[in-house]
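Throughout, read-outs are computed from the coordinates displayed, never taken from laboratory work. Remember, predicted model here, so these are calculated numbers, not experimental data. Please note: Cβ atoms are built from the backbone with ideal geometry, for glycine as well, and neighbour counts cover all protein chains shown.
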Amino acid sequence: MFTLLAKILSVLNSDAEPHQIASAVALAMLAGLNPLLGGIGLLVLVLIFSLRVNLSTFIALFAVFSALSILLAPLMASIGELLLKNENWLELWTNLYQSYWFRLFEYNNTLTLGAAVFSVILFIPVFFIAKWLVLKYRAALMAFVNKFKVVQSLKASKFYQVYQTVHGA
Amino acid sequence: MTDTKNEQAVDKKDQDAVGGNEQTEKEAAKPKGMIRPAGIATLAILVGGVGAGTYFFADSLAHYGITTALAKSIGAEANIEEVKVDWHPLGLKINSLQQTDPASPQTNLFQFESASLKMNLGELLLGKYIISDISVTGLKFGSARNTPGSVFKALEDTETGVQKQETSATADESSGLDIPSVDELLAKADLLTEKKARALEKVWAEEKVAVQQAIDALPDKSRLKKYAQDWRAIKNIKIKSVDDLNLLKQKLKQLKSDVKADKSSLKVAKAQVKASRKELDVAYKELKAAPKQDWQNIKQQLPIDDPNAIAISRVLFGEEIAGYLETAQKYYLKAKPYIDAHKEVKDNSKISAGVEQGAYGENIEFALEKPYPDWLVENLEMSAQVSAQDTYKVGAQNITAQTYILGKPATYQIASVGTKQQEPAFELGGKYSIAQTGMFSTDGEWQLNGHKLSPKSLSKSKNLTVKLEEGAVNGIGSYSYTDELNSKSKLNFVETKFDGSSDSEIADLTLNTLKGVKTFDLDVSVTGKLDSPDTSIRSNLDNRLNKAFKQAVKQRWTQVEDDTKQALASKLQNSLDLNNAELAKLQDMDLNIDNIEVQLKNYGQGKLDKIVKDKQKKYEEEVKAKAKAELKKQENKLKDKLQDKLKDKLKDFKCCEE
């Protein structure tokens, strides 16, 4: 937990672009709340590989959102149930159910669909909130946090150097 | 706007903090885009690598997967020469597959030259095996292997039923085709005569004890002698006084009391004898009627009056049909473990589905335009070689264990492939359904068209061996199975030629008649449970043969009938002789009781009362006579006295007269 916090702080204090960190947070939220081998999970993996997002932030927050998904499961399941059992949308779901991808990614499951809808709706707000928080942090707290020994030692570590090399590529 | 300024300031500060070298300055001058080319390349390499690996190693993986799955599910080594995977549409081609029979490692359970199938990829990803087309060529069952295959697990020995049938078939063989002797008839029959004789003996044994007990309670000879003595003593008593009369009355009272008790015992004994006699009469009558009933029973079981009862068709074709049934049972028993395993899997999936529903999230099922079962073969074409001469073409549509999902039954067709024949010698068409409850039902029809028969040994009974040298058969049949089998077949044999050997009167007759038969019909019906069906075989051969039998063996049957009746009568007489001696004892007992009764009658109430009356009367008369005599005597005496007195008085009057 301590290492996780330190990593996040390290990233916040690094030269990473705020939108890279914010997109990592939003994607981590998507991947954490949805099944990793589901439709959204796989899409996030492709995006992580393809887009320049902060991997450290993504990995750290993916764990956080995965834990959070357990707490949010009843809420997300009830959202899914509300949608799937809605008589007005029965035709829509029936049509979607005919397609293999819908059944393959189990979107007829109340929890899976609820998590997908919940996380997709939150994606944009989370992105902008994360970006705003990064900027706020860097303006107000970064100089103070950089003085922490743990941050300095992390930045001096070989892993960080390697990460910097790869990240900069 | 403020955010942008802050961002720039932070960037600048970051660069300063890291130490800001020239490279950093260059990078800052050239801002990085959103796309990460290296990441895309890595992803492409990963996906491409996995894809290429799958593409290039798919054949080996499929080969390994199929051999492992077959070996694991059947429990014996499976050998495949080659497996090829087609990608569009997704399919598989298997060349030369041999599956070892776990019960016999030297032979193959099945083997085929080639098989190809096409699968639905989308359904496969959903865990369903939907095969749109499958074709198998050169399918053979039970062929020998070049080298014995390894067996990993032995299937359960399910051949007990078959063995049982074999045993019964052997038992049938021991019964020959001949007119049975009297001794055989009596030995086989459960004779009522013997039963009734034993019943009479039992009744007599019980009644004898009861009668004897009643007789034992009767007065014996010494007691009767004492009664006689008492009787004589009473008769000899002389009544001289009232005391004598009272003594007589007392003795008579004692005798009456004793006789009364014995008379009561006598009454009981007489009732017992009467009841025993009644019981014995019933048993006796039953015994006398038993031989007649025995003969009726023997007649019913033997073809004496009804020649049709000699079902020669069963003797000739029973074994052949039993063989077919045995084969069908063998395949059914082989398939049964897999059917049961499928049911177990179904049950387990129900349990796991129940567990899943307990967690968050629920699978909502919507109506599918085309629902698929767990596995399905939409179209099957197969050629199977059953023997060196017989090759069959098998077709099937919508084969699955869940026909209820498709809403229509699976259909199947089998037709023989003749080398030179114009039309198939054998055709079968049927359908089957499996309900959601697991209930299996099937029905179908078949027909045979001029199927040439190869020489075949038909009967191996004790006295008769029949061989069908040549012939052809036409036929139609239908079958249905829902819990129980119901099959009816009508066969017409033509251009038949029989040969064989015989060793008894009827067997000779049978063989000679068969040799003259050129055509005959055979009706076979099989009903009941699959593992123990009831078979009925009827043929016009039976009538033909029986007509001949009736003529030829009528005299023999008459002789057998007479002999059997005589033997039964003899058995009856023996039993009656045996029991007559015992019954004579009952007669003796009865006479004994009658004798005692006669004797006791002498001491009857009336006789005893009469003695007292007579003696009392006699005594009274004597007393009366005595009193009269005394009175007379006194009268005479008084008379004399008075006369004397008068004479004395009259003596004075005499002198005057003078």
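Relative intensity of the range B:382-459 on a log10 scale, I(q)/I(0) at q = 0.24 Å⁻¹, equals -1.07, per a Debye sum over C-alpha point scatterers of equal strength in the absence of solvent. Rg of the Cα atoms in the range B:42-140, relative to 2.2 N^0.38 Å, amounts to 1.23. Counting every other Cβ atom within 10 Å of each residue's Cβ, B:399, B:298 order from fewest to most as B:399, B:298. Put in order of Cβ neighbour count within 10 Å, fewest first, the listed residues B:494, B:612 become B:494, B:612.
Taking every residue in A:133-139, how many Cβ atoms of other protein chains lie within 10 Å of its Cβ, on average? Intermediate results must be reported in sequence, preceding the final value.
Values: counts 0, 2, 6, 2, 1, 7, 8.
Counting Cβ atoms of other protein chains within 10 Å of each residue's Cβ and averaging gives 4.
Distances between every pair of Cα atoms in the range B:83-144, grouped in 10 Å steps from 0 to the bin holding the largest one, split as 23, 37, 28, 11, 0 percent.
Legend: translational diffusion of the range B:191-301 by Stokes-Einstein, Rh = Kirkwood radius over C-alpha pairs, 25 °C, 0.890 mPa s; D = 137 µm²/s. Put simply, the amide H of residue B:458, placed in the peptide plane, has neighbours under 5 Å in B:466, B:467, B:468, leaving out anything fewer than 5 places away on its chain.
Relative contact order (percent) for the range B:477-539, with alpha-carbon contacts under 8 angstrom and 6 or more residues of separation?
Details: 99 pairs, mean separation 22.8, N = 63.
Normalised by residue count, the contact order of the range B:477-539 is 36 percent.
Could you please report the charge total around residue B:66, scoring K, R as +1 and D, E as -1 over all other residues with beta-carbon less than 14 angstrom from its beta-carbon? Combined, the nearby Lys, Arg, Asp and Glu give -1. To the nearest 0.05, how large is the calculated FRET efficiency for residue B:261 and residue B:627 if R₀ is 45 Å and r is the Cβ-Cβ distance? So, using R0 = 45 Å, E works out to roughly 0.60.
Annotation: the residues B:34, B:382, sorted from fewest to most other C-beta atoms within 10 Å of their own C-beta, follow the order B:34, B:382.
Listed peptides A:103-112, B:39-48 appear in the order A:103-112, B:39-48 once ranked by packing, highest mean of other Cβ atoms within 10 Å at the front.
For residue B:183 and residue B:591, FRET efficiency with R0 = 41 Å and r from the beta-carbon atoms, rounded to 0.05? Don't jump to the answer; show the numbers that get you there.
Values: r = 42 Å, r/R0 = 1.03.
Taking R0 as 41 Å, the efficiency between residue B:591 and residue B:183 is 0.45.
Before anything else, pin down the relative contact order of the range B:42-140: Cα pairs under 8 Å, at least 6 apart, normalised by residue count, whole percent. Answer for the range B:42-140 is 18 percent.
Each 10 Å bin, from zero up to the one with the longest distance, holds this percent of the alpha carbon pairs of the range A:54-115: 22, 38, 26, 13, 1.
Would you mind computing the Rg to Rh ratio of the range B:468-536 from its alpha-carbon coordinates, Kirkwood style for Rh? Let's see the in-between values first.
Working: Rg = 15.9 Å, Rh = 14.1 Å.
Here Rg/Rh amounts to 1.13.
I'd like the mean, over residues of A:18-26, of how many other protein chain beta carbons sit within 10 Å of each residue's own Cβ. Please list the in-between numbers first.
On the way: counts 5, 2, 2, 0, 0, 1, 0, 0, 0.
Taking all residues of A:18-26 together, the mean is 1.
Partner shielding of A:51-64 amounts to 1, given as the average count of beta-carbon atoms from other chains within 10 Å of each residue beta-carbon.
Judged by the mean number of other Cβ atoms found within 10 Å, the most tightly packed of the peptides B:139-148, A:59-68 leads the ranking A:59-68, B:139-148. When the C-alpha to C-alpha distance is required to be over 26 Å, the pairs from B:256/B:585; B:490/B:518; B:140/B:497; B:235/B:256; B:221/B:267 that qualify are B:256/B:585; B:140/B:497.
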